[in-house]
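Peer 1: Got a structure here, written out as structure tokens. Questions coming.
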Amino acid sequence: MGFVGIQTGFGSVGRRRSLRQTWMPSDPQSLQRLEEATGLTFRFVIGKTNDKSKMLELKKEVAEYDDFLLLDIEEEYSKLPYKTLAYFKAAYALFDADFYVKADDDIYLRPDRLSLLLVKERSHSQTYLGCMKKGPVFTDPKLKWYEPLDGMGGGTDH
């Protein structure tokens, strides 16, 4: 049903470890069971670097966990928009899915809730779920750009 790319970087070994110790199984069989149960595929998304030692460490991690989507781009923080675009292009080319999800490696994802959200009926086939807003979210109903928190997956308390 969906492909979830978790954006990560070379300095995020600890974050990946934390995710593998919480919601994302660290062994291939358990990861496959999660993917079958939720209808979602999960992969860490990372580019390349000219630093040979970092690439060697990444290759070891890829061999151990086999949970990466490697992009043919230079991994740089200043180029995150290009990485996101490269991710969506690669995911679309490699995986036949109804939904393509971008997540970051510093969040705690609930795969069960995500899969329930994605199976809901939609008024049309092309649906964006998320926030494309830059700046603060206005939770005061008197303000022009008011956004209720319950519409963004939050609670109903304001």
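Peer 1: Which pairs do you get when a residue that is more than 17 Å from Arg15 (Cβ to Cβ), found in the stretch 52-66, comes within reach of a residue that is assigned to a helix (DSSP H, G or I) and open to solvent by less than 100 Å² (accessible area, probe 1.4 Å), reach meaning Cβ atoms under 9 angstrom, with the pair 6+ apart or on two chains?
Peer 2: Within 9 Å, the pairs are Asp66/Pro28; Asp66/Leu31.
Peer 1: Give all pairs with beta carbons closer than 9 Å in which a residue from the stretch 5-17 that is closer than 17 Å to Val101 by Cα and touching a residue at least 24 places away in the same chain (Cβ under 8 Å) meets a residue that is part of a loop (DSSP other than H, G, I, E, B) and open to solvent by 20 Å² or more (accessible area, probe 1.4 Å); count only pairs at least 6 apart in sequence or on separate chains.
Peer 2: Correct list of pairs: Ile6/Ile107; Ile6/Leu109.
Peer 1: While we're on this one: Is one or more of the residues making up the stretch 16-38 crowded, with 16+ Cβ neighbours inside 10 Å, basic (Lys, Arg) and outside any helix (DSSP H, G or I)?
Peer 2: No.
Peer 1: Let me confirm something: among Asp72, Asp96, which residue is farther than 27 Å from Gly11 by Cβ, open to solvent by 80 Å² or more (accessible area, probe 1.4 Å), outside any helix (DSSP H, G or I) and at pLDDT 90 or above?
Peer 2: Selected residue: Asp96, the only one of Asp72, Asp96 that is farther than 27 Å from Gly11 by Cβ, open to solvent by 80 Å² or more (accessible area, probe 1.4 Å), outside any helix (DSSP H, G or I) and at pLDDT 90 or above.
Peer 1: Name every residue in the stretch 26-48 that is in contact with a Lys or Arg (Cβ under 8 Å, 6 or more places away or on another chain) and modelled with pLDDT of 95 or more, in order of residue number.
Peer 2: Within the stretch 26-48, Phe44, Val45, Gly47 qualify.
Peer 1: Among the numbered conditions (1) at pLDDT below 75; (2) not in a loop (DSSP other than H, G, I, E, B), tell me where Leu85 comes up short.
Peer 2: Leu85 satisfies every listed condition except (1).
The values are calculated or read from the model by the stated rules, or taken from the named source; none is laboratory data. None of the values given here were measured: they were computed from a predicted structure. Cβ: placed from backbone, ideal geometry, glycine included. Neighbour counts: every protein chain shown. Calculation scope for accessible area: heavy atoms of the full protein, side chains included, ligands and nucleic acids excluded. Shrake-Rupley method; radii C 1.70, N 1.55, O 1.52, S 1.80 Å.
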